[in-house]
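Structure record follows, encoded as structure tokens.
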Amino acid sequence: MIASSKEAILAAAKRIAQAHGYSGLNFRDLADDVGIKAASIYHHFPSKADLGAAVARRYWEDTAADLESMLAETSDPVRCLSRYPDVFRKALESDNRMCLCSFMAAEYDDLPEAVRQEVKTFADVNVAWLRRVLSAAAVVSSDESEGRARAIFSAIAGAQLIARSRSDVSLYDALIDSYRLAGLLPA
């Protein structure tokens with residue numbers, strides 16, 4: 001029961017943070033969502049900072065696993081690059097939510113240091129994966145892969161932000177298509 005309570009807290013906190021950011025994490029509301037007493041959350045997470053860091057860490061770990069799974073499913077790195085935007089699209093499809101770490105990055109100045117580190121790690125994991133796949137696909141030289149990876153990551157996060165502000169997943173798709181036409185992403 002203890003492990004399942006912790007998992008339920010993390011899952012609910014993820015949903016809340018994707019919709020309202022770190023500032024939207026509230027132990028009382030979270031406890032109501034999970035169906036437990038707020039004091040029970042403190043058993044697993046002594047502070048909001050501990051909870052925020054754990055949620056962000058789980059988010060980047062899950063994303064890293066999804067990206068590695070994508071590579072395992074196909075040996076074609078260009079196909080992986082074309083599927084990469086789908087990782088971010090999933091959040092929009094889920095009640096117009098955002099990438100948790102993108103949302104938290106917008107709150108960077110107000111985040112505890114432990115949460116900041118996890119948010120940075122999310123970006124680092126994505127950029128490193130993109131660099132590796134861009135190099136494998138021979139889309140850019142290894143000298144250019146870092147810049148291109150950061151550009152892709154930033155553009156996709158920006159497309160998600162714009163689409164969320166309009167509650168329009170088709171806008172996200174149109175922006176991703178425009179990135180392909182412009183050559184940022186392989187077609």
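Is it true that Phe45 is among the aromatic types (Phe, Trp, Tyr), out of contact with any Phe, Trp or Tyr (no Cβ under 8 Å at 6 or more places or on another chain) and farther than 24 Å from Ile152 by Cα?
Values: among the aromatic types (Phe, Trp, Tyr): yes; out of contact with any Phe, Trp or Tyr (no Cβ under 8 Å at 6 or more places or on another chain): yes; farther than 24 Å from Ile152 by Cα: yes.
So Phe45 fits the description; yes.
Pairs under 6 Å by beta carbon, first residue more than 15 Å from Asp66 (Cα to Cα) in the stretch 118-140, partner part of a helix (DSSP H, G or I) and among the β-branched types (Val, Ile, Thr), six or more apart or different chains?
Sorted first by the residue in the stretch 118-140, then by its partner, the pairs are Ala137/Val78.
What number of residues within the stretch 149-179 are free of Cβ contacts under 8 Å to residues at least 24 places away in the same chain and assigned to a helix (DSSP H, G or I)? Outline the logic, then answer.
Initial filter on the stretch 149-179 (free of Cβ contacts under 8 Å to residues at least 24 places away in the same chain): 149-150, 154, 158, 162, 165-166, 168, 170-171, 174-175, 177-178.
Okay, now just the ones that are also assigned to a helix (DSSP H, G or I), so 149-150, 154, 158, 162, 165-166, 170-171, 174-175, 177-178.
Within the stretch 149-179, residues that are free of Cβ contacts under 8 Å to residues at least 24 places away in the same chain and assigned to a helix (DSSP H, G or I) number 13.
Give just the number: which of (1) touching a Phe, Trp or Tyr at 6+ places or on another chain (Cβ under 8 Å); (2) part of a helix (DSSP H, G or I); (3) crowded, with 18+ Cβ neighbours inside 10 Å does Ser145 not satisfy?
Failed condition: (1).
Pairs under 9 Å by beta carbon, first residue within 12 Å of Met104 (Cα to Cα) in the stretch 34-60, partner among the polar types (S, T, N, Q) and part of a loop (DSSP other than H, G, I, E, B), six or more apart or different chains?
Close Cβ pairs satisfying both conditions: none exist.
Each row is one residue, and each column tells you yes or no for (1) modelled with pLDDT under 95; (2) of a type outside the set (Phe, Trp, Tyr); (3) over 20 Å from Asp173 (Cα atoms).
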{"residue": "Thr121", "(1), (2), (3)": "no, yes, yes"}
{"residue": "Val125", "(1), (2), (3)": "no, yes, yes"}
{"residue": "Ala128", "(1), (2), (3)": "no, yes, yes"}
{"residue": "Ala136", "(1), (2), (3)": "yes, yes, yes"}
{"residue": "Ser141", "(1), (2), (3)": "yes, yes, yes"}
{"residue": "Ala149", "(1), (2), (3)": "no, yes, no"}
{"residue": "Ile152", "(1), (2), (3)": "no, yes, no"}
{"residue": "Ile156", "(1), (2), (3)": "no, yes, no"}
{"residue": "Leu161", "(1), (2), (3)": "yes, yes, no"}
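Taking helices (runs of 4 or more DSSP H) that fall entirely within the stretch 18-87, which contain at least 3 residues that are among the charged types (D, E, K, R) and surrounded by fewer than 16 Cβ atoms within 10 Å (Cβ to Cβ)?
In the stretch 18-87, the matching helices (runs of 4 or more DSSP H) lie at 27-34, 48-73.
Take the residues in the stretch 119-139 that are open to solvent by less than 30 Å² (accessible area, probe 1.4 Å) and in contact with a Lys or Arg (Cβ under 8 Å, 6 or more places away or on another chain), then tell me which one is farthest from Ala105 (Cα to Cα). Let's see the steps before the verdict.
Of all residues in the stretch 119-139, those open to solvent by less than 30 Å² (accessible area, probe 1.4 Å) come to 119, 122-123, 126-127, 129-130, 133-134, 137.
Next, from what is left, pick out any that are in contact with a Lys or Arg (Cβ under 8 Å, 6 or more places away or on another chain): 127, 130, 134.
On the way: Val127: 15, Leu130: 19, Leu134: 25 Å.
Taking the candidates together, the pick is Leu134.
If Asp109 satisfies every condition in (1) at pLDDT below 90; (2) among the acidic types (Asp, Glu); (3) not in a loop (DSSP other than H, G, I, E, B) but one, which is the exception?
For Asp109, the exception is condition (1).
The values are calculated or read from the model by the stated rules, or taken from the named source; none is laboratory data. Source: prediction; values computed, not measured. In this analysis, Cβ positions are derived from the backbone assuming ideal geometry, glycine residues included, and neighbour counts consider all displayed protein chains. For the accessible areas, the whole protein counts, side chains as well, though only heavy atoms, and no ligand, DNA or RNA atoms are used. Shrake-Rupley method; radii C 1.70, N 1.55, O 1.52, S 1.80 Å.
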